[in-house]
Amino acid sequence: MEWITKNLPYLMAGISVGGQYALIAIGYTMVYGILRLINFAHGDIFMVAGLIMVYAVTVMPMPLALLLVVVATVALGFLVERAAYKPLRSAPRMSVMISAIGVSYLLQNLALYITGGLSQQYPAIPWLSDTVTILGATTKRVTLVTPVLTIILVVVLGLLIKYTKVGMAMRAASRDFETSQLMGIKINSVISMTFVIGSFLAAVGSMLYFTNYTGVTPTAGAMPGLKAFVAAVFGGIGSIPGAVIGAFIIGICENIIKGVGWTTFSDAFTFALLIVILIAKPTGLFGEKAIDKV
Amino acid sequence: MKKRVLSVLLAAAMLSTLLAGCEKKPEAAADGTEAASGDVVTIGVFEPASGDNGAGGKQETLGIQYANYVTPTVEIGGKEYTVQLNIVDNESSNDKAPSAAATLVSAGASVVLGSYGSGVSIAGSDTFKEAGIPVIGVTCTNPQITEGNTHYFRICFLDPFQGTVLANFSSDNFGAKKAYVLTKLGDDYSTGLGHYFTEAFEALGGEVIEETFQEGNSDFTSYITSAKNEGAEVFFAPSSTEVAALLIEQAASQGLEIPLLAGDTWDSNVILNAAEGKNVDIYVSTFYQEGGNPEFDAGIKEWINSDATAKANNGGDDTVSGLTVMGYDAYYVALEALKAAGSTDPAAVNEALWDVTYTGVSGDISFNEIGDANRDAAYIKHANTETGAWDFVAEQSVAE
Amino acid sequence: MSKENVLKVENVTMQFGGVIAVDNLNLEVNQGEIVSLIGPNGAGKTTAFNVITGVYAPTNGAVYYKGSKIIENHPQGKMKKLYRGENPVMYTGHKVLAPTPDKITALGIARTFQNIRLFKSQTVFENILIAKHLRRTSNVFTATFRLNAKEEARMREEAEELLKIVDLTDVRDELATSLPYGKQRHLEIARALATQPELLLLDEPAAGMNPQETLELTEFIGRIRDEFGLTIFMIEHHMDLVMEISDRIYVLDFGKSIAEGNSEEIRSNPRVIEAYLGGAQDE
Amino acid sequence: MKKQTKIIWNVGLIAALLLLLFILEQVVPSSSMLFMVLKKGAIYALVAVSMNLLNGFTGLFSLGQAGFMLLGAYTYAILTIPVESRASVYQYFDGGIVQFAIPVPLALIAGGVVAAVFAFLIGLPVLRLKSDYLAIATLGFAEIIRAVFQWDKLGPLTNGSNLLRNFPTFQSVLYPFIVAGICIGLIVLLINSTYGRAFKAIRDDEIAAEAMGINLAHHKQLAFVISSFFAGVSGGLLAMYQTTIQASMFKSAMTYEILLIVVIGGIGSVTGSCIGSFLFIACSEWWLRFLDNSNLYIGDFHLSFMRPGFRKVVFSVIIMAIVLFYRKGLMGDREFSIEGARRFFQKHFKKKQAVEGGSSHE
């Protein structure tokens, strides 16, 4: 029992942060699945969602602010795709990736300009940020809500992709971009939809994440973003269940490492895990192998 | 093709500005206090306005600005000089510090004030040293800053002192035998203060559990859990205000019942705001307790309230931080040095600084042979979570 | 006969997932011959080439070059045990080789590609010069510090020679990809020759050429064979070319070799006619 | 003959440049931002060219540059801090375990060698990965290296996460120019050798390159190790420039900056990377600083949107514009040369020639 009370908090923190990574990771994995693009700006979109919340609550009631965060983040994701990625559709992949780095740089600097470089206190969302005690461990309610909500969202997303028309189009596009285009799939709207879904999940993720870790800084999205991306690669990029499982594994491992006292290496561990999996199974846990055609 | 032409022209234009730029004398243009006529002396302000230490840097700068507002001129060698502040953001980052410092050097500063955060101070130090410009550290407490340098001075106490004060305090007040020390990797202030605290605490027969966290980390729950599991009696976390806010929030939600201790950086209303209404027990050591000089307090409060930007930089209210007070005093020390030097020449100012004495709001200031302030007292304050203000606890010094 | 064979493919099977692209293929190419591999689209011709040049490791079988085994594989896992019982000499005692294409090229087997793979940002001359890299004796230091000036000069000279042979000297400094299609094919052959091969594999060298160009190519292939003492093994669809030039022909259908012989034999072989007409999709 | 004149021209140009720098140093006050930009620009030019060797010439998308710079910088610092100041630098670690100092040039080379050795070890497993996967794996390695160097168990060697300082630095702007110049010169020689051609072949078409007998693993490894060597040297130079170093400086953001320089200059152009580097540093550190000034007035109108941070916003907008609209960067994959410049001016400023000067590449 004592062992549980001692170690439960690490596990809870791991599962909770894992769920938050999962929500971000889905955005990475879906975009990569279709465009073969590491959307470096995704973590920063997540950060902007946090900032919007900070400013929104000062002028409107909480429910409205939550709604605004979702709408504005989705709009931002859509806009970024249209402005920075769409013009480069025919360019080499490296150009698009660099454009993504540029967007990330721009968003961070904009946030720096607006906030004046200071950490902004994320507002407490009622109910979510209440303190609860389970098995002798005290935590915020959001810790418990996150994994549940994550799994619900992933299941809904899975159904959406499996049974709706746009979902099918997405699957087709991620399997073979050119052919699906020839088959009459409106590739641009499919891509936009991908970004919309990714941003929506990032917005939800930001609410959960920043409720737990309440400081929003211009670089607040960088690390979670990178880790979520690692989770996506870990699980096999392009695979949604893979991303989710990868995210939970990384979240939990990270916290266990901290619990053991190897804090210097908690970030490094994530990358070490990534490199090991890339070398052992380059396509990740659930990725598909592609054969080069000669 | 057209684009290529354009781009090359653009590049050419930029290159030509580069060449033009070097013909010009370095203009002290950055801060536009219109130097209408008469002579101008430039005081550089080398402070973070963004990044981890942005909040603290801004509060310190505020003190300097207020002092400049109160005393905008100085008489040097019988002539009236307008003091122009040239404020440069070192972005709390050790690798941006040298270029920020170079900006001040090229702006022709006679003396520089700063910086909040020991790491950036050390990182920028050599640039000033090469240019022969003296620097007055305001609240950078790491001993390495002044050690071996003749151009770096400081008006605050040092980390070995502060660490000992806090170790004594935890031992005397809480009877603590076990402390949890959490420092940030790569942050000289945090690592240094943590180190001296550990040294002093262990000398008192206590036990210390040391942990570190990485830059960009915002999840402190595991650390708090560990502290609880290890049975620590105090939690010492010398860190930036940014980290402090996160830490306090998570400590409260995890029900950390032991006192949270920190150094001078936490003397900020960011901490008060974060702690307000929460079940946390916070103690900090600092340079000044509000109410120490009612006249000064009233003046600066009025000024802060009259200026929206200043108020925002102070964290949105008019609590007077120890940092602001130190900034204020540093400005007057610089003026004293300028007066004593009788010249705006940095080398002369540097010479004059050794003998400057000044009675500031935070106490008497004079420098020892290393360039450090002779200070022997620190204030311990406790965050009142109901009123959202600091309560004075003790004035503590080290029994040698 | 088998003594002088340059290339021997033995029981090669190549399977991708459930698809068997090449099924138990056996063939031989002798010194100085021009041998063609024909068959309908998707018959596994290019896959066979890719196995020989080390791009794919075969699922089963072996490839010999001038009598020595260069590629070998046999079924993994359960199957391995079975084979071991049946023919221990053949399936044990050998390391499974997986040589990379560059090592095969170094042995003296050069190739061209069906869908022309020139170095697109390089000039015609540089394309050939790059292939000269293989036979260098310099290392990275001597090359950087220009201690290999003699060798460099020789490389350039030989590359110029090859340019002359394929008649591309006048477009020497054009971008390779700016050439017309037919010339790109010639350049690719010249580039392959620059690696100093003994066996040249040509993958549809006449694809997309008009009859006149095809005629020239036919003549060209014969010429280089004699001039460089080559053995040539090629995949081709242009029957005129194939019939004209080949000493022997192999016909592949659905991964299987269905016929072998000289032009006359192939022309009259009923299975070949059936494979081509029964498929009824091309030629 | 023609080649000789070219060499003479280039040597002359370099001499003129160095002379110009020397004169500038005598004339312009040393406190000018110009020198800061020139020094840092030269260092970044070297690391950008080294990154270009990988990304531009060999087609390996690697994002590990900051990690290799860290190795070079640390090696340099650890080996050159004078013995007498070690006690104060390694104050938490009893003066550290390294108790000797070696001359600066040796230490710079040692920095390169250490980076190259690490690159060799990292390259063995990682270089098999393709494009994005390679990028993310190298990025990961850089982060791991950073964490390892901050580990306090290694403190006696690395000073833990604390600053390293007091090592020899340079005063004259000529120093980084000459060192970086020599290194870039070596890279150019390499690129124009038979190995350089092989690298470009790999970039253009891996499969064809392999079929031409180019050993992919060996050549990729070679490019990676050489690129890292020069990144290491530039790390040492950066340490000299910064006067203090710390592992936390070498974040992935640094790699991104270098990558942006490469892109701005033109992927596959050495001169482009050099020009890009100076422009980038000048813009980010110098020319745009006035945008941070919060008290700027046009007449009586207060430009209130200008406040600290605005500079960076403008800067990132410029970068986005370049990435989107000047996709090939300033130089594309071409090189700046006297001849090219002459032709360029002939083409665009003499109308007569402009009509016929339409050949697609020079």
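Is the shape of the range D:140-194 best called rounded, prolate or oblate, per the rule: a/c under 1.5 gives rounded, else a/b larger than b/c gives prolate, else oblate, with a ≥ b ≥ c the square roots of the Cα gyration tensor eigenvalues?
Cα axes put the range D:140-194 in the oblate bin.
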(message) Ignoring everything except DSSP H segments at least 4 long, calculate the 222 nm mean residue ellipticity for chain D; use -39,500 (n - 2.57) per segment, divide by total residues, nearest 500.
(response) -21500 deg cm²/dmol
(request) With θ set to phi - 60°, apply the Karplus curve 6.51 cos²θ - 1.76 cosθ + 1.60 along the range B:253-265 and write out the HN-Hα couplings as whole Hz, x wherever there is a Gly or Pro. (result) 6, 9, x, 6, 9, 7, x, 9, 10, 7, x, 4, 4
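Given R₀ = 22 Å, FRET efficiency for D:His218-C:Ser121 by Cβ-Cβ distance, to 0.05?
FRET efficiency, D:His218 to C:Ser121: 0.50.
Calculate, for B:Lys339 and B:Asn229, the FRET efficiency according to 1/(1 + (r/R0)^6) with r their C-beta to C-beta distance and R0 60 Å; round to the nearest 0.05.
Numbers: r = 58 Å, r/R0 = 0.96.
Between B:Lys339 and B:Asn229 the formula returns 0.55.
With n ≥ 4 as the cut-off for DSSP H runs, can you work out [θ] at 222 nm for chain A, using -39500 (n - 2.57) per run divided by the number of residues, rounded to the nearest 500? Provide the component values of the computation, followed by the final result.
Working: 11 runs with 207 residues, N = 294.
Estimated from H runs of four or more residues: -24000 deg cm²/dmol.
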(message) Starting from the Kirkwood Rh over alpha-carbon pairs, what translational D in µm² s⁻¹ does chain C have by Stokes-Einstein at 25 °C and 0.890 mPa s?
(response) 122 µm²/s
(request) Select from D:Ser273, D:Ser31, D:Ser62 the residue whose mean-square fluctuation is largest in a Gaussian network model of chain D (Cα-Cα springs shorter than 10 Å). (result) D:Ser31
(message) Under the rule a/c < 1.5 gives rounded, and otherwise a/b versus b/c splits prolate from oblate, where does the range A:136-294 land using the Cα gyration tensor?
(response) oblate
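Report the Stokes-Einstein translational diffusion coefficient (µm² s⁻¹, integer) for chain D, Rh taken as the Kirkwood radius over Cα pairs, at 4 °C with viscosity 1.567 mPa s. Please report the intermediate quantities before stating the final value.
On the way: Rh = 22.0 Å.
For these conditions, the coefficient is 59 µm²/s.
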(request) Would you mind working out the magnitude of the charge dipole of the protein assembly as shown relative to its Cα centre, with +1 at each Lys and Arg C-beta and -1 at each Asp and Glu C-beta, to the nearest 20 Debye? (result) 4860 debye
(request) Pop a pseudo-label 7 angstrom from the Cα along the beta-carbon direction at both D:Ala15 and D:Phe120 and give the gap in nm to one decimal. (result) 3.9 nm
(request) Mind telling me which of C:Ala206, C:Ala143, C:Ala110 comes out most flexible in a GNM of chain C, alpha-carbon contacts under 10 Å? (result) C:Ala143
(message) Distances longer than 64 Å among the Cα atoms of the protein assembly as shown: what percent of all pairs is that?
(response) 18 percent
(message) Please report the antiparallel percentage of DSSP beta bridges with both residues in chain B, rounded to the nearest 5.
(response) 40 percent
(message) Between C:Thr100 and C:Asp167, how high is the FRET efficiency from 1/(1 + (r/R0)^6) when r is the Cβ-Cβ distance and R₀ = 25 Å? Nearest 0.05.
(response) 0.15
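Taking a cut-off of 27 Å, what percent of all Cα-Cα pairs in the range A:2-280 are separated by more than that? Mind showing how you got there, number by number?
Working: 14819 of 38781 pairs.
I get 38 percent for the Cα pairs in the range A:2-280 exceeding 27 Å.
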(request) Only Lys, Arg, Asp and Glu count, each charged at its Cβ (+1, +1, -1, -1), so figure out the dipole size of the range A:2-280 about its Cα centre, rounded to 20 debye. (result) 540 debye
(request) For the range B:164-267, run through the GluC sites (Glu not before Pro) and keep only the ones in DSSP coil with at most 13 other Cβ atoms within 10 Å of their Cβ. (result) B:Glu257
(request) Give me the distance between the Cα centres of the range D:145-177 and the range D:179-224, rounded to whole Å. (result) 31 Å
(request) Among D:Lys328, D:Lys312, D:Lys251, determine the one that fluctuates most according to a GNM of chain D built with springs between C-alpha atoms less than 10 Å apart. (result) D:Lys312
(request) List D:Leu71, B:Leu193 from most exposed to least, where exposure is judged by having the fewest other Cβ atoms within 10 Å. (result) D:Leu71, B:Leu193
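Treating only the Cβ of Lys, Arg, Asp and Glu as charged (+1, +1, -1, -1), what charge dipole size does chain C show about its Cα centre? Round to the nearest 20 debye. Working shown, then result.
Numbers: 32 positive and 39 negative charges, 332 e Å.
Approximately 1600 debye in magnitude.
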(message) Relative contact order for the range A:2-280: what percent, with Cα pairs under 8 Å and sequence separation of 6 or more?
(response) 40 percent
(request) Along Cα→Cβ, 7 Å out, is where each label goes; now give me the distance between the ones at B:Asp307 and D:Arg128 in nm to one decimal. (result) 6.3 nm
(request) Would you work out which of D:Leu19, D:Asn166, D:Ile184 lies farthest towards the positive end of the dipole of chain D, given +1 charges on the beta-carbon of Lys and Arg and -1 on that of Asp and Glu, about the Cα centre? (result) D:Leu19
(request) Positive end of the charge dipole of chain B (Lys, Arg +1 and Asp, Glu -1 on Cβ, about the Cα centre): tell me which of B:Ile258, B:Ala274, B:His382 has its Cα farthest that way. (result) B:Ala274
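Could you work out the relative contact order of chain C? I mean the mean sequence separation of Cα pairs under 8 Å and 6+ apart, divided by the number of residues, in percent. All intermediate terms of the calculation are to be shown ahead of the outcome.
Details: 502 pairs, mean separation 72.5, N = 283.
Answer for chain C is 26 percent.
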(request) Using Cα pairs closer than 8 Å and at least 6 residues apart in sequence, work out the relative contact order for the range B:113-164, in percent. (result) 35 percent
(request) Compute the label zone of D:Phe290 within the range D:311-331: residues whose backbone N is under 15 Å from the point 7 Å along Cα-to-Cβ. (result) D:311
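Divide by every residue of chain B the summed helix terms, -39500 (n - 2.57) for each DSSP H run of at least 4, and state the resulting mean residue ellipticity at 222 nm, rounded to the nearest 500 deg cm²/dmol. The partial results should precede the final answer.
On the way: 13 runs with 172 residues, N = 400.
Estimated from H runs of four or more residues: -13500 deg cm²/dmol.
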(request) Name the residue farthest towards the positive end of the dipole of the range A:2-280 from the options A:Thr146, A:Gly238, A:Ser199, assuming +1 on Cβ of Lys and Arg, -1 on Cβ of Asp and Glu, about the Cα centre. (result) A:Gly238
(request) Distance between Cα centroids, the range B:153-198 to the range B:349-391: provide it in whole Å. (result) 17 Å
(request) Measure out, as a whole number of angstrom, how far apart the alpha-carbon centroids of the range B:53-116 and the range A:1-44 sit. (result) 43 Å
(request) Return the distance in nm (one decimal) between the two label points of a simple spin-label model at B:Ala377 and A:Val132, each offset 7 Å from Cα along Cα→Cβ. (result) 5.1 nm
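Taken together, the values in this text are just the output of simple stated rules run on the coordinates, not laboratory data. Predicted, not measured: the structure shown is a model, and the values here were computed from it. No Cβ is skipped: glycine too gets one built from the backbone with ideal geometry, and neighbour counts run over all protein chains shown.
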